Amino acid sequence: MSAMKNTLNVISVWPQWCQESTQILSKYCQQLNDINFFPVPDSDTGSNLLATCRTLCEHLHNGCDPTDAAQETLRTSRGNSGTLLSAWFNALTRSLGNDGELTPEALHLGLFIAQEHAHATMIEPAEATMLTVMSDIARAPITTSHTEEHMFFLAECAYQSAASTRHVHGSADAGAVGLFLVINALSSVLNGKSIDETTTNDLFQIPAELLGEPDIPPDELRELLCEIALPLEKMMFLRSQLEVSGQSLAVAMIDQTADIPHWRIHIHVKDPQQVKELLEQYGTVENLEILAL
């Protein structure tokens, strides 16, 4: 994609960024699924990230402003990776707003707020994951006053951060690599410069000892996704109960402007019905989905 010239208004960046992210995630979707070993080897990280960007694109194409589009995307997020990316987009759009100039300073403030929000979404945030890349790029130094030039530097930072997750997982973490691809897409949109394909492909190398890992978790876990409207204090009590009811719990606030906040919940559980009944003790459960891992 050709670089954008003199169009670094926030509102103009989002549609092209989402389109480029969707294209690159579509290209690498299966490879991301293939390196999805953590937190469970369910081979869906690429699919979930692609679905998030594709949904965001659709909302933007249908006339939603970036803030509303990201909020609606969070409502349909899938998996840990999709929930985290949606929560990150949701906070980033709120910070950047729907108008104004996209400066390196504004971008970094948005990235910092977004990574804090995504980190708070996970009940047990893990290192060497997508969260690590979010943190590393938010804390990277500002090297120039030109956003286009600085964005390629952030793409390099994201690449190094994703590559560093090999030291923990053996292969690079799928979510971390996926976020690198999204950041690389923004660099491509802003200045036509991005990390090359040969370097990118190196992130998808799988050590021999990880080949042949089972495609599904050994225990019969199910993925439960839903929405619920609760005041913050009641959500704190519910979160504490959900923590002992399953794994990979993520709780993201969808709409901060509502009188009663709406929350997106993601959790892996052995007994979905029991967790559904727990949720119903607190309020009306909406958009409930129970999926096999």
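The values are calculated or read from the model by the stated rules, or taken from the named source; none is laboratory data. Quick caveat, the model's predicted, so the values are computed rather than measured. Neighbour counts run over all protein chains shown; Cβ positions are idealised from the backbone, glycine included. Quick note on the areas: whole protein, heavy atoms, side chains included, nothing else; ligands and nucleic acids left out. Shrake-Rupley method; radii C 1.70, N 1.55, O 1.52, S 1.80 Å.
For residue 214, the conditions (1) within 30 Å of residue 20 (Cβ to Cβ); (2) open to solvent by 40 Å² or more (accessible area, probe 1.4 Å); (3) at pLDDT below 95; (4) not hydrophobic (A, V, I, L, M, F, W, C) are fulfilled apart from (1). Considering only residues in the stretch 166-188 that are modelled with pLDDT of 95 or more and among the β-branched types (Val, Ile, Thr), the one that is nearest to residue 26 (Cα to Cα) turns out to be 182. Scanning the stretch 147-174 for residues that are touching a residue at least 40 places away in the same chain (Cβ under 8 Å) and part of a loop (DSSP other than H, G, I, E, B) yields 170, 171, 172, 173. In this structure, is residue 78 of a type in the set (Lys, Arg) and touching a Phe, Trp or Tyr at 6+ places or on another chain (Cβ under 8 Å)? No.
Of the residues making up the stretch 51-84, those that are among the small types (Gly, Ala, Ser) and either touching a residue at least 60 places away in the same chain (Cβ under 8 Å) or open to solvent by 20 Å² or more (accessible area, probe 1.4 Å) (or both) are 51, 63, 77, 79, 81. Would you confirm, using the coordinates I've provided, whether residue 177 is touching a residue at least 60 places away in the same chain (Cβ under 8 Å), farther than 18 Å from residue 13 by Cα and in a helix (DSSP H, G or I)? Criteria met by residue 177.
Looking only at residues of the stretch 248-274 that are out of contact with any helix residue (DSSP H, G or I) (no Cβ under 8 Å at 6 or more places or on another chain) and β-branched (Val, Ile, Thr), we find that the one that is most open to solvent (accessible area, probe 1.4 Å) is 257. Scanning the stretch 127-136 for residues that are in contact with a Ser or Thr (Cβ under 7 Å, 6 or more places away or on another chain), part of a helix (DSSP H, G or I) and open to solvent by less than 30 Å² (accessible area, probe 1.4 Å) gives 130, 132, 133.
Among the residues of the stretch 75-90, the ones that are touching a strand residue (DSSP E or B) at 6+ places or on another chain (Cβ under 6 Å) and closer than 16 Å to residue 14 by Cα come to 1 in all. For the stretch 103-126, the candidate set comprises residues that are surrounded by 23 or more Cβ atoms within 10 Å (Cβ to Cβ) and aliphatic (A, V, I, L, M); within that set, the residue that is nearest to residue 175 (Cα to Cα) is 118. Every listed requirement among (1) open to solvent by 10 Å² or more (accessible area, probe 1.4 Å); (2) touching a helix residue (DSSP H, G or I) at 6+ places or on another chain (Cβ under 6 Å); (3) not aliphatic (A, V, I, L, M) is met by residue 90 save one, (1). Scanning the stretch 9-50 for residues that are within 28 Å of residue 127 (Cβ to Cβ), part of a helix (DSSP H, G or I) and open to solvent by 40 Å² or more (accessible area, probe 1.4 Å) turns up 27, 30, 31, 34, 47. Of all residues in the stretch 248-270, those that are more than 22 Å from the chain's Cα centre (by Cα) and either hydrophobic (A, V, I, L, M, F, W, C) or modelled with pLDDT of 95 or more (or both) total 2. Which residues, counting only those in the stretch 69-103, are at positive phi and not in a helix (DSSP H, G or I)? Matches in the stretch 69-103: 97, 100.
Considering (1) within 30 Å of residue 28 (Cβ to Cβ); (2) open to solvent by less than 10 Å² (accessible area, probe 1.4 Å), the lone condition that residue 235 does not fulfil carries the number (1). Within the set of pairs 6+ apart or on separate chains, which have a first residue in the stretch 240-267 that is at positive phi, a second that is of a type in the set (D, E, K, R) and in a strand (DSSP E or B), and C-beta atoms under 6 Å apart? That search, which allows pairs on different chains as well, returns nothing.
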